[in-house]
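A.B. asks: Here it is: the structure, laid out below.
Nothing in this text is a laboratory measurement; each read-out follows from the coordinates by a stated rule. Since the model is a prediction, treat every value here as computed from it, not as a measurement. So basically every Cβ, Gly included, is an ideal-geometry build from the backbone, and we count neighbours across all protein chains shown.
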Amino acid sequence: MGKKIDNVKIVTFKEDYNPSGKQVIYAKGSEHAIHKGVVELIKDKIKADVKDFDEKKEYAKAKENFEKAK
Amino acid sequence: MSVGIMGAGSASASRFFRAKLSPDGGNGGGEGEVSEVDAIKKISEQVEQFKNLLGDKADANAFKTLEDKLTALEEGIETMKAAEISKAIEAINKSNESIYKQVVELQEELAIGKEQSAGKSNGRTELIATAEVETFVKTTFVDGKKTHAPAKITIKAAETFGYDQTFVGGEAGTDISAFTGRFVDPLLNQRKRKRNLILDNFDIRTIGVPRLVYLVKVEVGNTDPVSGDPGGAAWILSGQAKPKRSFRVTTGEVEAKKVAIFGTIEDKLLRDAPSFQNWIREDFMDEIKEEINDGLLNNDPGVNDLAPLGLKTNAVQYSPTPAFALNVELPNYIDALIAAIAAMSNSKEQPGKVFVSDDVFYRIHNLKSTDGKWLNNNLIYVNSLGQLFIAGVQVIPSDIEDVPSTHFLLISADLGFKIYAYGDMVFERGLNGEDFREDKTSYRGYQEFLSYIAANRENSVMYDTFANVLAAITKV
């Protein structure tokens, strides 16, 4: 496990994120793994659910998918 | 007196004799002449031959008359007067000629029948029909004189030498390639495989043992028992106690992970298609290399502990830097990559290469400013080898399976991610299980790899989405 996991936040957007008005960066309903520094930077400008990366859950899911794909 | 012998003139008929009274009236003995009795005997024999040739079609009365005449002449020749003999000979010649004509006609009929039956069996046709010739002659010549009546003969043209006519098939058909030959292109056409991001871009050293221990410097100490500060150099007064410094060393350990492939082939197939072994070798090598790339790029040993650590697994994400924080107007790919390069530089790693998908690579080439000009300045350029550089970092196109269009993979020049191969790649053949009994041969290929990245070098690999960088830099 590296730094990536520690710093990851899982963000689910409730609205499109279009800061420039010309380019949607995150679409409504989409889920993104974003560095906590970026989340900190834009948290006031987005409508989204922000969660910590659930390492246990994500690993269990990844293992299950891997076993299925075998 | 003698009877002369004359050739018949027919190529197909048996030799035709014509009885003739010798002009000298003597007993013959001249060159080419025989006695009347011998001549009559020969004519009798000839008549018998004609009779056999004609068979059922022979005119019995004509033969009877001729035979009677011959018998009478033979029996009475000694007592007959010359005039009587001459008359008898004339009559015999006439009858014989008539029979000979029958023989010629019969032979002609047979020849025509033969031609017709031959035409039916092989599909050939006559160039000129016999009936047409006969009609033409009859119309053109009447009583030995040429007429002016219109007449024509149609001559059929010879057939063209085409595939359908020339290569006549039997029941099983004709294998035309037996005449024309064929060329087998030795190239085995196969799907184009993706590039190998790992094997094409990373140095891999080979070691001779399956276990690797790496050393990690940990900068902690007991200089400050609370913070674990290892201490460091400081400016001091002469004579002043020097600042303490200490650090610790730990080790990490990785084991070789094996990637392998196996297949069995029938010996008969190997014998009949000698190229097959090369194809198997090429295919197995390609498969192994693809799997090596996938494992060393993507694998997380926490999910699949049979494969080594992948490059992306411990990669850091983009984290904002003060210079690129919500302050870039309408950022594009170039802005995002420059921000990422800046972030890596900020973390003390020297950016070396950035991998983007092929489409992003080419999109960068045609990005334009708001006034329609291509974005081409000192920071973004293509060298004489066609390599693209942004802010001095080479941008490398990658297959979309390795780096999706939504992502970029940035690595430092002095990469912290290390890859080792334990031994060379192996491809060999042998007998497996019942192979010997069942006339089969088995092939196997394998290689072993070890990889790691020390925790304090994780910043040397950055893997993130363009969206995350754009979100952090776009001016709000």
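A.B. asks: In the stretch B:305-328, what count of residues is obtained for those that are crowded, with 21+ Cβ neighbours inside 10 Å and within 20 Å of B:LEU470 (Cα to Cα)? Steps first, please.
C.D. replies: Going residue by residue through the stretch B:305-328, those that are crowded, with 21+ Cβ neighbours inside 10 Å are B:307-311, B:313-320, B:324.
Add one more test, that the residue is within 20 Å of B:LEU470 (Cα to Cα), and what stays is B:315-320, B:324.
Number satisfying all stated conditions: 7.
A.B. asks: Please enumerate the residues belonging to the stretch B:356-391 that are touching a His at 6+ places or on another chain (Cβ under 9 Å) and under 21 Å from B:ASN459 (Cα atoms).
C.D. replies: B:VAL356
A.B. asks: If I ask for residues that are among the charged types (D, E, K, R) and in contact with a strand residue (DSSP E or B) (Cβ under 8 Å, 6 or more places away or on another chain), which ones from the stretch B:334-387 would you list? Show your work before the answer.
C.D. replies: To start, the set of residues in the stretch B:334-387 that are among the charged types (D, E, K, R) comprises B:335, B:348-349, B:353, B:358-359, B:363, B:368, B:371, B:373.
Selection gives B:ASP335, B:GLU349, B:LYS353, B:ASP358, B:LYS368.
A.B. asks: Mind counting the residues in the stretch B:127-158 that are touching a helix residue (DSSP H, G or I) at 6+ places or on another chain (Cβ under 6 Å) and under 27 Å from B:LEU110 (Cβ atoms)?
C.D. replies: 1
A.B. asks: A further question follows. I'd like the full set of residues that are closer than 20 Å to A:LYS45 by Cα and within 7 Å of chain A (Cβ to nearest Cβ), limited to the stretch B:298-340.
C.D. replies: Result: B:TYR318, B:SER319, B:PRO320, B:ALA325, B:LEU326, B:LEU330.
A.B. asks: For residues that are within 32 Å of the chain's Cα centre (by Cα) and of a type in the set (D, E, K, R), scanning just the stretch B:431-445, find the one that is farthest from the other protein chains (Cβ to nearest Cβ). Quick ask: steps written out before the conclusion?
C.D. replies: Taking the stretch B:431-445 as the starting set, the residues that turn out to be within 32 Å of the chain's Cα centre (by Cα) are B:431, B:435, B:438-445.
Filter once more, so that each one left must be of a type in the set (D, E, K, R): B:435, B:438-440, B:444.
Values: B:ASP435: 27, B:GLU438: 29, B:ASP439: 32, B:LYS440: 27, B:ARG444: 20 Å.
Here the answer is B:ASP439.
A.B. asks: Does B:GLN277 qualify as being surrounded by 13 or more Cβ atoms within 10 Å (Cβ to Cβ), within 14 Å of chain A (Cβ to nearest Cβ) and either in contact with a His (Cβ under 8 Å, 6 or more places away or on another chain) or touching a residue at least 40 places away in the same chain (Cβ under 8 Å) (or both)? Can you show your working first?
C.D. replies: Values: surrounded by 13 or more Cβ atoms within 10 Å (Cβ to Cβ): yes; within 14 Å of chain A (Cβ to nearest Cβ): no; either in contact with a His (Cβ under 8 Å, 6 or more places away or on another chain) or touching a residue at least 40 places away in the same chain (Cβ under 8 Å) (or both): yes.
It is false that B:GLN277 is surrounded by 13 or more Cβ atoms within 10 Å (Cβ to Cβ), within 14 Å of chain A (Cβ to nearest Cβ) and either in contact with a His (Cβ under 8 Å, 6 or more places away or on another chain) or touching a residue at least 40 places away in the same chain (Cβ under 8 Å) (or both).
A.B. asks: While we're looking at this one, here's another question. Could we say that B:ALA241 is in contact with a strand residue (DSSP E or B) (Cβ under 8 Å, 6 or more places away or on another chain), surrounded by fewer than 11 Cβ atoms within 10 Å (Cβ to Cβ) and not β-branched (Val, Ile, Thr) here?
C.D. replies: Working: in contact with a strand residue (DSSP E or B) (Cβ under 8 Å, 6 or more places away or on another chain): no; surrounded by fewer than 11 Cβ atoms within 10 Å (Cβ to Cβ): yes; not β-branched (Val, Ile, Thr): yes.
No: the conditions fail for B:ALA241.
A.B. asks: Output the residue which, of all residues in the stretch B:446-476 that are in a loop (DSSP other than H, G, I, E, B) and farther than 30 Å from B:ILE207 by Cβ, is nearest to the other protein chains (Cβ to nearest Cβ). Walk me through how you get there before you give the answer.
C.D. replies: At the first step, the residues of the stretch B:446-476 found to be in a loop (DSSP other than H, G, I, E, B) are B:454, B:475-476.
Keeping just the survivors that are farther than 30 Å from B:ILE207 by Cβ gives B:475-476.
Numbers: B:LYS475: 7, B:VAL476: 5 Å.
Selected residue: B:VAL476.
A.B. asks: Continuing with the same structure: State the number of residues belonging to the stretch B:261-275 that are hydroxyl-bearing (Ser, Thr, Tyr) and either over 30 Å from B:TYR422 (Cα atoms) or in a loop (DSSP other than H, G, I, E, B) (or both). Break it down into steps so the answer makes sense when it comes.
C.D. replies: Going through the stretch B:261-275, the residues hydroxyl-bearing (Ser, Thr, Tyr) turn out to be B:264, B:275.
From what is left, the residues that are either over 30 Å from B:TYR422 (Cα atoms) or in a loop (DSSP other than H, G, I, E, B) (or both) are B:275.
Of the residues in the stretch B:261-275, 1 are hydroxyl-bearing (Ser, Thr, Tyr) and either over 30 Å from B:TYR422 (Cα atoms) or in a loop (DSSP other than H, G, I, E, B) (or both).
A.B. asks: Next up: Taking the conditions exactly as written (in contact with a Leu (Cβ under 9 Å, 6 or more places away or on another chain) and either surrounded by 14 or more Cβ atoms within 10 Å (Cβ to Cβ) or without any contact (Cβ under 8 Å) to a residue 60 or more places away in the chain (or both)), does B:ALA467 satisfy them or not?
C.D. replies: On the way: in contact with a Leu (Cβ under 9 Å, 6 or more places away or on another chain): no; either surrounded by 14 or more Cβ atoms within 10 Å (Cβ to Cβ) or without any contact (Cβ under 8 Å) to a residue 60 or more places away in the chain (or both): yes.
In short, no.
A.B. asks: Take residues that are of a type outside the set (A, V, I, L, M, F, W, C) and surrounded by 19 or more Cβ atoms within 10 Å (Cβ to Cβ) and tell me which of the strands (runs of 3 or more DSSP E) falling wholly in the stretch B:338-445 contain 2 or more.
C.D. replies: B:351-357, B:407-412, B:417-430
A.B. asks: Please return the ranges of helices (runs of 4 or more DSSP H) entirely within the stretch B:144-260 where 2 or more residues are within 30 Å of B:VAL133 (Cβ to Cβ). Step through it out loud before you land on a result.
C.D. replies: On the way: elements: B:163-166, B:177-180, B:197-201.
Once the helices (runs of 4 or more DSSP H) in the stretch B:144-260 are filtered for at least 2 residues that are within 30 Å of B:VAL133 (Cβ to Cβ), what remains is B:163-166.
A.B. asks: Name the residue, out of B:GLY302, B:GLY208, B:GLY231, that is at negative phi and either surrounded by 15 or more Cβ atoms within 10 Å (Cβ to Cβ) or more than 44 Å from the chain's Cα centre (by Cα) (or both).
C.D. replies: On the way: B:GLY208 fails: either surrounded by 15 or more Cβ atoms within 10 Å (Cβ to Cβ) or more than 44 Å from the chain's Cα centre (by Cα) (or both); B:GLY231 fails: at negative phi.
After ruling out the rest, the residue left standing is B:GLY302.
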